[in-house]
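Novice: What follows is a single structure, and I will ask about it in a moment.
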Amino acid sequence: MQLTLISHTLCPYVQRAAIVLAEKEVAFERRYVDLAHKPDWFKTVSPLGKTPVLMVDNDAIFESAVICEYLDDTLLPRLHPADALKRAQHRGWMEFGSGVLSTIAAFYNAPDAAAFARHRGDIQRRFAQLEAVLPEQGPYFSGASFSVVDAVFGPVFRYFDVLESAGGTGFFDELPKVRAWRAALAVRPSVQQAVGSGYAAELCSFFLARGSELSRRITGHER
Ligand SMILES: N[C@@H](CCC(=O)N[C@@H](CS)C(=O)NCC(=O)O)C(=O)O
């Protein structure tokens, strides 16, 4: 079985699939697409025109959560909890993670200082919700074992590495469990290896090109 992950260099949804693949220690290839100029072959395998797509030989699976479920159904070790109730709850938190990604996008696209502050507050409220459900004993989302929810949040936290280097600090000041979780994910090899070495510089350029409040603040910070 040949696995190919159709990818975009900055896409956090691609990263979650790459992390799950790495946790399963399965060989896979990555094929990158330019989302600004989508090739015809990509539109065929991706009905919504989005990355990631997982090619399983010649069959395509689209939507990152579905890809993660497929990988967890078919490859060991299982990352989802064995208990059906807990597994359902984890799926809810995966969706929550997608919501956090949308909030982050609203933040980096905020056109002015008021919207920037509002979306920053939204991000902090989302992480406060996570603080309330994280276990006392980590290091991961549900304790000692790495789960698909961790694969979802590795790429979420990665945004903050770049945001902090651009001067945006203090997101997690009041959230010690979130900070510990972030630190544990940052050193997990599967999370580290989900992006290439040029990721941080490329994300920074992407932020700068938004013409947003964040773009202006990064420019001011670098001056
Ligand atoms: N719900 C999708 C979201 C994927 C997504 O938004 N991918 C972005 C890149 S990070 C994309 O392909 N955007 C291109 C477009 O929407 O035209 C998933 O979980 O796979």
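The values are calculated or read from the model by the stated rules, or taken from the named source; none is laboratory data. Just so you know, these numbers come straight off a predicted model, no measurement behind them. Note that each Cβ is placed from the backbone with ideal geometry, even for glycine, and that neighbours are counted across all protein chains shown. Heads up: the accessible areas ignore ligands, DNA and RNA and are worked out on the full protein's heavy atoms, side chains in. Shrake-Rupley method; radii C 1.70, N 1.55, O 1.52, S 1.80 Å.
Novice: Any chance region 115-134 includes a residue that's farther than 17 Å from S212 by Cβ, part of a loop (DSSP other than H, G, I, E, B) and of a type outside the set (D, E, K, R)?
Specialist: Yes - at least one qualifying residue is present in region 115-134.
Novice: Another question, then. Given the conditions (1) buried (at least 18 other Cβ atoms within 10 Å of the Cβ); (2) away from the ligand (no atom under 13 Å from the Cβ); (3) β-branched (V, I, T), and given that T9 satisfies all but one, which numbered condition is not satisfied?
Specialist: T9 satisfies all of (1) buried (at least 18 other Cβ atoms within 10 Å of the Cβ); (2) away from the ligand (no atom under 13 Å from the Cβ); (3) β-branched (V, I, T) except (2).
Novice: Filter region 161-176 for residues that are assigned to a helix (DSSP H, G or I) and surrounded by fewer than 18 Cβ atoms within 10 Å (Cβ to Cβ) and give the result.
Specialist: D161, E164, S165, P176
Novice: What residue, among those in region 65-78 that are in contact (Cβ under 8 Å) with a residue 12 or more places away in the chain and in contact with a helix residue (DSSP H, G or I) (Cβ under 7 Å, 6 or more places away or on another chain), is nearest to the ligand (Cβ to nearest atom)?
Specialist: Looking at the filtered set, the residue picked out is A65.
Novice: Consider only pairs whose beta carbons are under 9 Å apart and that are at least six residues apart or on different chains; among these, list those whose first residue lies in region 1-30 and is free of Cβ contacts under 8 Å to residues at least 12 places away in the same chain and whose second residue is of a type in the set (F, W, Y) and within 16 Å of the ligand (Cβ to nearest atom).
Specialist: Within 9 Å, no pair qualifies.
Novice: Looking at region 16-25, which of its residues are open to solvent by less than 30 Å² (accessible area, probe 1.4 Å) and more than 9 Å from the ligand (Cβ to nearest atom)?
Specialist: Result: A18, I19, V20, L21, E23, K24.
Novice: Can you run down the residue pairs with Cβ atoms below 6 Å, 6 or more apart or on separate chains, where the first is in region 104-132 and open to solvent by less than 60 Å² (accessible area, probe 1.4 Å) and the partner is polar (S, T, N, Q)?
Specialist: As it stands, the answer is A110/S212; D122/T103; I123/T103, since those pairs meet every condition given.
Novice: Just checking, does region 103-119 include any residue being within 24 Å of L185 (Cβ to Cβ) and away from the ligand (no atom under 16 Å from the Cβ)?
Specialist: Yes; the residues of region 103-119 include at least one that is within 24 Å of L185 (Cβ to Cβ) and away from the ligand (no atom under 16 Å from the Cβ).
Novice: Looking at (1) over 19 Å from the mean Cα position of the chain (by Cα); (2) surrounded by 12 or more Cβ atoms within 10 Å (Cβ to Cβ); (3) within 11 Å of the ligand (Cβ to nearest atom), find the lone condition where F62 falls short.
Specialist: Result: F62 fails condition (1) only.
Novice: Here is a further query. So, in region 26-41, of the ones that are more than 24 Å from T74 (Cβ to Cβ) and aromatic (F, W, Y), which residue ends up farthest from the ligand (Cβ to nearest atom)?
Specialist: My answer is W41.
Novice: Same structure, new question: List the residue pairs whose Cβ atoms are under 6 Å apart, where the first residue sits in region 41-59 and is under 12 Å from R30 (Cα atoms) and open to solvent by less than 100 Å² (accessible area, probe 1.4 Å), the second is part of a loop (DSSP other than H, G, I, E, B) and not β-branched (V, I, T), and the two are 6 or more positions apart or on different chains.
Specialist: T51/H8; T51/C11; V53/S46
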